[in-house]
Amino acid sequence: MMQITSSKRRIRVLVVDENNLFREIIARGLATEPQLEVVGKAISTGEAREIMANVHPDIIISSIRFLTIYQFNIPVVFVGNEQNLPDFSTNLVLGIIQKPDLQSAKAVEQFIVELIKTALTVKVDVQSVENLSVRRHHEVKLIAIGASTGGTEALFQVLKGLPPTLPGIVIVQHIPPVFSKMFADRLNQQTEIKAKEAQTGDIIEYGHAYIAPGDQHMRIAKTGDYYRIECFQGERVNGHCPSVDVLFQSVAKVAGHDALGVILTGMGRDGANGLLTMRQRGSRTIGQDENSSIVYGMPKVAYEIGAVEIQLPLDKISEKIISLIH
């Protein structure tokens with residue numbers, strides 16, 4: 001257990017439970033402790049993710065097993081029994097507390113006391129929260145987009161809604177050789193963005209989009225204040241060359257909080273881990289929703305592992321990109 005520590009602010013708690021009554025009992029019980037602040041109450045995994053996209057809890061109290069707890073490196077207290085404990089790194093699990101008999105006032109009181117005692121072991125890092133707030137408002141200098149099945153039309157819809165004043169866009173679309181150049185030419189002719197098939201050495205410019213060649217991986221490097229493109233032959237990653245993960249991982253490494261990542265319709269999971277790394281490095285991230293996806297594969301996996309900060313239908317993504325940048 002971590003040692004109890006004093007801080008300049010209260011410990012922020014997110015409560016996740018499917019039972020409305022029990023969720024309220026936990027929240028009201030925690031509210032009796034001055035050092036704790038309940039910043040959110042969620043009934044489901046999806047709702048919990050949405051709350052975490054807007055507030056950064058120091059601890060989660062949950063009866064639901066969901067990966068986002070681990071992916072965001074947030075300590076958790078599980079309410080239930082040992083059989084409910086996910087196979088996560090044990091240093092994130094502060095404790096497992098049995099649910100009380102709600103018919104027994106004494107049992108409920110003891111349960112709340114144990115929850116409060118455990119929650120107070122969390123060490124609050126004021127500086128890290130302040131830094132998170134700064135990153136939220138950092139200038140976006142690079143946009144990275146990944147797509148697969150149904151992606152050519154989805155990408156066209158997104159780029160058609162973007163002005164030529166935005167930062168450069170790098171795109172991996174799973175597409176055969178030759179067709180990648182044809183697709184880039186179409187985007188160049190039918191949108192305000194100047195699009196081309198990417199080549200090694202290209203300097204990423206504002207108002208330009210760079211499409212990965214259909215048989216090469218694409219990654220980003222940085223020279224001085226400029227981002228540049230490297231295209232190269234390589235083994236398939238997640239079954240693909242080019243791979244969205246290869247692009248996203250490189251963007252996370254060299255751009256971090258200066259980047260915006262978008263994952264669109266596609267089969268499989270390519271790009272999900274890379275987008276998660278981007279988000280962990282401070283990038284803003286967007287995922288296409290299920291109803292507007294031709295295949296809700298890649299964006300679904302990204303959403304489930306906590307890589308997607310904002311999930312939207314296709315026709316809202318261009319508008320959100322503009323708003324996040326401006």
| task | Quickly run through the range 129-161 and pick out the residues that are among the polar types (S, T, N, Q), modelled with pLDDT of 95 or more and not in a loop (DSSP other than H, G, I, E, B). | result | Thr152, Gln157
| request: Give the number of residues within the range 162-209 that are among the hydroxyl-bearing types (Ser, Thr, Tyr), modelled with pLDDT of 95 or more and over 22 Å from Asp270 (Cβ atoms). | output: 1
| said: Need the failing condition index for Thr285 against (1) without any contact (Cβ under 8 Å) to a residue 60 or more places away in the chain; (2) of a type in the set (Ser, Thr, Tyr); (3) out of contact with any Asp or Glu (no Cβ under 6 Å at 6 or more places or on another chain), just the number. | reply: (3)
| In the range 280-312, what residues are among the polar types (S, T, N, Q) and either over 11 Å from the mean Cα position of the chain (by Cα) or within 15 Å of Met52 (Cβ to Cβ) (or both)? | Gln280, Thr285, Gln288, Asn291, Ser292, Ser293, Gln311
| query | So which of Ile310, Ile294, Ile286 is touching a strand residue (DSSP E or B) at 6+ places or on another chain (Cβ under 6 Å), modelled with pLDDT of 95 or more and within 22 Å of Leu162 (Cα to Cα)? | reply | Ile286
| note | Within the range 173-230, the count of residues that are within 27 Å of the chain's Cα centre (by Cα) and charged (D, E, K, R) comes to 6
| said: Residues that are within 16 Å of Leu14 (Cα to Cα) and modelled with pLDDT of 75 or more, at least 3 per element: which helices (runs of 4 or more DSSP H) completely within the range 25-124 meet that? | reply: 45-54, 105-119
| query | Do we find that Ile229 is touching a Phe, Trp or Tyr at 6+ places or on another chain (Cβ under 9 Å), modelled with pLDDT of 95 or more and buried (at least 24 other Cβ atoms within 10 Å of the Cβ) in this structure? | reply | no
| message | Any residue that is without any contact (Cβ under 8 Å) to a residue 60 or more places away in the chain and among the charged types (D, E, K, R) - is there at least one of those in the range 305-315? | response | no
| request: Only residues that are touching a Lys or Arg at 6+ places or on another chain (Cβ under 7 Å) and either in contact (Cβ under 8 Å) with a residue 40 or more places away in the chain or buried (at least 19 other Cβ atoms within 10 Å of the Cβ) (or both): list them for the range 165-208, please. | output: Pro167, Ala184, Thr191, Glu197, Asp202, Ile204, Gly207, His208
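The values are calculated or read from the model by the stated rules, or taken from the named source; none is laboratory data. Because the structure is a prediction, the values reported are computed rather than measured. No Cβ is skipped: glycine too gets one built from the backbone with ideal geometry, and neighbour counts run over all protein chains shown.
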